[in-house]
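Q: Here it is, the structure in full.
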Amino acid sequence: MTCEKDFSHSKSDDSWSDFYVVYTYKLFSCPSCSEITIICYSETLCTEEDKQERYYRLERGDYGRKVIFMPPRKEHPAIPESIAEITYQAQLNLAASPRASFILCRAVLEEICYHFKIPVKAEGKSYPASLAFRLNQLFEQEKMPEDLREIIQGVSQLGNEGAHSEHLTFTKQVNMEEADNLLKIVNYVIEKLFVDKYEQQKAEKVLEELKIKILKSE
């Protein structure tokens, strides 16, 4: 992406403090589609701080980063709208909260179960079924291959860790890049479950039409 504009402003919560926060807003444009993305970078500075130290800190990436606006990803028409919306929210949270993105990746799996009408409650039980239980039902119902099952189970395990682990501990373990990697895996799962099936059915339909037109006309 190309940075088209940027501007900064500073803020101090305490007029007696030497520390203040500088917020830098950058407007990026995509060279291929011209869509706009706005990102806010923040850094805490001290009025007495040596400029050279600030330079090294920025080089190390010691600053906050939050996506203010980004265009929705143009999803394949075969992907259900509710699932596309959750993946978009996971993408938006990558910089601001990798943990939230992990939790939303887990929520994608829950929404997939809803889409395939996997019961929320186990048969004969009054309490909700666990996601692991529902996923096992999904695997059997949709006859999923073992390799895809393992990937989905891995996403579920990581999402559970984000949802149930202690916040500060988890945020020290996971960064934006790792959350982005998990989201890419989730998108791979979505492609396999919805896009591949759609394209296969489309190809089968076109092939059948060609066979009817050409082979049966001989």
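Q: Return the total of residues in region 136-161 being touching a helix residue (DSSP H, G or I) at 6+ places or on another chain (Cβ under 8 Å) and outside any helix (DSSP H, G or I).
A: Of the residues in that region, 2 qualify.
Q: Out of (1) in contact with a strand residue (DSSP E or B) (Cβ under 7 Å, 6 or more places away or on another chain); (2) surrounded by fewer than 16 Cβ atoms within 10 Å (Cβ to Cβ), what's the single condition that is false for ALA129?
A: In the conditions (1) in contact with a strand residue (DSSP E or B) (Cβ under 7 Å, 6 or more places away or on another chain); (2) surrounded by fewer than 16 Cβ atoms within 10 Å (Cβ to Cβ), ALA129 misses (2) alone.
Q: Could you tell me how many of the residues in region 95-131 are in a loop (DSSP other than H, G, I, E, B), within 18 Å of the chain's Cα centre (by Cα) and farther than 21 Å from GLU166 by Cβ? Let's see the steps before the verdict.
A: Within region 95-131, the first condition is being in a loop (DSSP other than H, G, I, E, B), and the residues that meet it are 95-97, 116-120, 122-127, 129-130.
From what is left, the residues that are within 18 Å of the chain's Cα centre (by Cα) are 95-97.
Then keep just the ones that are farther than 21 Å from GLU166 by Cβ; that gives 95.
Residues in region 95-131 being in a loop (DSSP other than H, G, I, E, B), within 18 Å of the chain's Cα centre (by Cα) and farther than 21 Å from GLU166 by Cβ: 1 in total.
Q: Taking the condition of being over 25 Å from GLU177 (Cα atoms), surrounded by fewer than 13 Cβ atoms within 10 Å (Cβ to Cβ) and modelled with pLDDT of 70 or more, how many residues in region 43-93 meet it?
A: Selection size over region 43-93: 2.
Q: Is it true that VAL195 is at pLDDT 90 or above, closer than 25 Å to SER82 by Cα, among the β-branched types (Val, Ile, Thr) and part of a helix (DSSP H, G or I)?
A: On the way: at pLDDT 90 or above: yes; closer than 25 Å to SER82 by Cα: yes; among the β-branched types (Val, Ile, Thr): yes; part of a helix (DSSP H, G or I): yes.
In short, yes.
Q: Same structure again: If you check every pair at least six apart or on different chains, which have Cβ atoms under 9 Å apart with a residue in region 172-188 that is under 14 Å from GLU161 (Cβ atoms) and surrounded by 19 or more Cβ atoms within 10 Å (Cβ to Cβ) first and a residue that is modelled with pLDDT under 90 and of a type in the set (Ser, Thr, Tyr) second?
A: ALA179/SER97
Q: Could you say whether any residue in region 98-112 is touching a strand residue (DSSP E or B) at 6+ places or on another chain (Cβ under 8 Å), surrounded by fewer than 19 Cβ atoms within 10 Å (Cβ to Cβ) and not assigned by TED's automatic domain parsing to the domain that holds ILE39? Show your work before the answer.
A: First, the residues of region 98-112 that are touching a strand residue (DSSP E or B) at 6+ places or on another chain (Cβ under 8 Å): none.
Looking through region 98-112, none of the residues is touching a strand residue (DSSP E or B) at 6+ places or on another chain (Cβ under 8 Å), surrounded by fewer than 19 Cβ atoms within 10 Å (Cβ to Cβ) and not assigned by TED's automatic domain parsing to the domain that holds ILE39.
Q: Could you go through region 34-41 and let me know if any residue there is of a type in the set (S, T, N, Q), at pLDDT below 70 and more than 23 Å from ALA96 (Cβ to Cβ).
A: no
Q: Is one or more of the residues making up region 162-173 farther than 24 Å from LEU94 by Cβ, part of a loop (DSSP other than H, G, I, E, B) and in contact with a helix residue (DSSP H, G or I) (Cβ under 9 Å, 6 or more places away or on another chain)? Give the derivation first.
A: Kept after step one, since they are farther than 24 Å from LEU94 by Cβ, are these residues of region 162-173: none.
Within region 162-173, not a single residue is farther than 24 Å from LEU94 by Cβ, part of a loop (DSSP other than H, G, I, E, B) and in contact with a helix residue (DSSP H, G or I) (Cβ under 9 Å, 6 or more places away or on another chain).
The values are calculated or read from the model by the stated rules, or taken from the named source; none is laboratory data. Note that the structure is a prediction, hence the values are computed from the model and not measured. Heads up, the Cβs are rebuilt from the backbone with ideal geometry, glycines too, and the neighbour counts pull from every protein chain shown.
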